[in-house]
Structure formats: C-alpha cells, structure tokens
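Peer 1: So that we are looking at the same thing, I have put the structure below in structure tokens.
Values in this text are rule-based calculations from the coordinates and carry no lab data. Small disclaimer: the values here were computed from a predicted structure and weren't measured. Every residue, glycine as well, gets a Cβ built from its backbone with ideal geometry; the counts of neighbours run over all protein chains shown.
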Ligand SMILES: Nc1ncnc2c1ncn2[C@@H]1O[C@H](COP(=O)(O)OP(=O)(O)O)[C@@H](O)[C@H]1O
Ligand SMILES: [Mg+2]
C-alpha cells in the first residue's frame, strides 16, 4: 500500500526488493516496451486504466524505476489532475508541478524534482485545476510535451481512468503509446472493451496491456 510521506523505497517494490519476482516482471515489461518497436522507438508513454485503484500509478512508478536502472533518462509526469499520487509515491512536495508549468506564462525551467533514483525525475501534478481536461488539451500542454520529450529519453504520463473522464483520451493522441492497466479479477470486460474503443477512436497507439494483481504460482505479479 502507498504510505503518504514515506520514502520511494517503502512504496516501490522495484527499489525495496529488486530481486523479487514482481520486480523481475517489471523489468520484463520494461524490455518489452523499450524493444517493442525498434524502428519507431517510444519516447512518450501514457498509462491509464478503466477505473480507479487498478494500479496505474504503481505500475508507472515501478516501470520508471526499472527504466532508469537501464540508464534511460526518465521523466514521470502526474497528469491525474483529479487524484494525483506520484508526489505521495515518491515522497515529494506538490506545491508546484505540471499545472504551475501550464498556467505560468513565463518560460522558466520545468518545476521537475529529483526522485532519489539516479536518472529518474518527477513532475508532480501541482495545484488541482477546476477543469483538468481543458488544461491537458491546451496548446501550452502540447508545447510542454515537446519540451519534456527533449529533456528525457522516455516520458511516462500518469492519468485518470479512461472510461470515467476524457483526460486520458485528450492526451493519448499526443503521445507515442498507451499502456492499459487491468486488474485481474476486478476490471470488467465491458469496461476494458469500452476503454479500448475510446482510445482507438482518438487514434491512440495502444502498445500493451498490463494485468495487475494476477496470481502466479510464485505470489503476486502481473
Ligand atoms: N499488484 C498489487 N498488489 C497489491 N496492491 C497493489 C497492487 N497494485 C496496486 N496496489 C495498491 O492499490 C492501491 C491503488 O493503486 P494505484 O497505483 O494508486 O492505482 P490507480 O493509480 O490506478 O488509482 C495502492 O494502494 C497500491 O499500493
Ligand atoms: Mg493513480
């Protein structure tokens, strides 16, 4: 479980127990993503799901750690402007973040924070806006995505569930790929299909599906 104010080591299994089967599963996921399309490498990846609490943020943060461990410069961006959690997962303040960068007109540096993991930076959500989809769909956000792209090897975007609100669908066409997280035994089949259809309608490039919480012979994994 995520503990507010705790260190990333306490919250992220890839740091706490790198030798575990779960951490190994994240490394396999990393490899599959980094090598999924060698002719068109993925520089920006969005993570979403059908409903809250399916493990989007947990998956994104652990995936980011394993990518940084493979010597990628990784930037994680909290675009869940409804229930942000990357600041909690990484134990960081959230007074400034993505929304500050979108709303402040000055062209200062991005308010990115170090994560404690070499090569891994975090752009927390910042103060929550009244209409998240408007900010995420804005031209300023488009320009920011281009800046993020130039400042990291891979940028991972955390988002709210794709079925409930449009935020993920607004961002999906602006990134190279979308990863859909489903929770074993929880995600409803019709919801998963609905999420896929919504994303395909906006021409999103769904690169894969993570089945979170599936019971394997050896404990918890996907
Ligand atoms: N495979 C898993 N096993 C056990 N707990 C998990 C797993 N994946 C996520 N969780 C827990 O479930 C809660 C919700 O996860 P989170 O990643 O915040 O979901 P989302 O971002 O989809 O809302 C967190 O407390 C997290 O620690
Ligand atoms: Mg989340």
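Peer 1: As a test, work out the antiparallel percent of DSSP beta bridges whose residues both lie in the range 50-171, rounded to the nearest 5.
Peer 2: Here the share of antiparallel DSSP bridges comes out near 20 percent.
Peer 1: Considering only the range 110-222, what is the antiparallel percent among its DSSP beta bridges, to the nearest 5?
Peer 2: Numbers: 5 of 11 bridges.
For the range 110-222, the DSSP antiparallel bridge percentage is about 45.
Peer 1: Taking the beta-carbon count within 10 Å as an exposure proxy, list 203, 56 from fewest neighbours to most. Could the numbers behind the result be given before it?
Peer 2: Numbers: 203 8, 56 28.
Least to most surrounded, the residues fall as 203, 56.
Peer 1: Let me make sure I get this right: for the range 24-89, a, b and c are the square roots of the gyration tensor eigenvalues over alpha carbons, sorted descending. Under 1.5 in a/c it's rounded, otherwise prolate if a/b > b/c, else oblate. Which is it?
Peer 2: Working: a/c = 1.78, a/b = 1.67, b/c = 1.07.
Verdict is prolate for the range 24-89.
Peer 1: Shape verdict for the range 105-222, please, from the Cα gyration tensor: rounded (a/c under 1.5), prolate (a/b greater than b/c) or oblate.
Peer 2: Working: a/c = 2.13, a/b = 1.39, b/c = 1.53.
The shape class here is oblate.
Peer 1: What full-extension length gain, to one decimal in nm, is calculated for residue 31 and residue 151 as 0.36 nm per residue of separation minus the Cα-Cα distance? Present the calculation step by step, with values, prior to reporting the outcome.
Peer 2: Details: separation 120, 0.36 × 120 = 43.20 nm, distance 2.15 nm.
Extending this stretch completely gives an extra 41.1 nm.
Peer 1: Would you work out the relative contact order for the chain, in percent, from Cα pairs under 8 angstrom that are 6 or more residues apart?
Peer 2: Details: 427 pairs, mean separation 59.9, N = 222.
Taking the mean separation of contacting Cα pairs over the length of the chain, I get 27 percent.
Peer 1: How far is the Cα center of the range 96-131 from the Cα center of the range 143-173, in Å?
Peer 2: 13 Å
Peer 1: Now for a different question. So how do 58, 159 line up by other beta-carbon neighbours within 10 Å, fewest first? It would help to have the intermediate numbers written out before the result.
Peer 2: Numbers: 58 21, 159 29.
Ranking 58, 159 by Cβ neighbours within 10 Å, fewest first, gives 58, 159.
Peer 1: Run through the DSSP bridge list for the range 8-221 and note the antiparallel percent, rounded to the nearest 5.
Peer 2: Numbers: 5 of 29 bridges.
For the range 8-221, the DSSP antiparallel bridge percentage is about 15.
Peer 1: Can I ask one more? Sum -39500 (n - 2.57) across every DSSP H segment of at least 4 residues in the chain, then divide by the residue count to get the 222 nm mean residue ellipticity, nearest 500. If you can, show how the numbers build up before the last one.
Peer 2: Details: 10 runs with 82 residues, N = 222.
For the chain, the value works out to -10000 deg cm²/dmol.
Peer 1: Sort 67, 148 so that the residue with the fewest other Cβ atoms within 10 Å of its own Cβ comes first and the one with the most comes last. Write out the running numbers ahead of the final one.
Peer 2: Working: 67 27, 148 22.
Ranking 67, 148 by Cβ neighbours within 10 Å, fewest first, gives 148, 67.
Peer 1: Given the options 86, 199, 34, which has the most mean-square fluctuation in a GNM of the chain, springs set between C-alpha atoms less than 10 angstrom apart?
Peer 2: Result: 34 has the largest fluctuation of those listed.
Peer 1: Taking 0.36 nm per residue of sequence separation and subtracting the Cα-Cα distance, how much length would be gained by fully extending the chain between residue 92 and residue 134, in nm to one decimal?
Peer 2: 12.6 nm
Peer 1: Only Cα pairs within less than 10 Å get springs; with that Gaussian network setup on the chain, which residue of 71, 107, 151 has the largest fluctuation?
Peer 2: Comparing 71, 107, 151 in the GNM, the peak value goes to 107.
Peer 1: Next up: Relative contact order (percent) for the range 21-118, with alpha-carbon contacts under 8 angstrom and 6 or more residues of separation? Walk me through the numbers on the way to the answer.
Peer 2: Details: 54 pairs, mean separation 21.3, N = 98.
Here the relative contact order equals 22 percent.
Peer 1: With just the Cα atoms of the chain, tell me how far they stretch along each of the three principal axes, in Å, largest first.
Peer 2: The Cα atoms of the chain stretch 53, 38, 37 Å along their principal axes.
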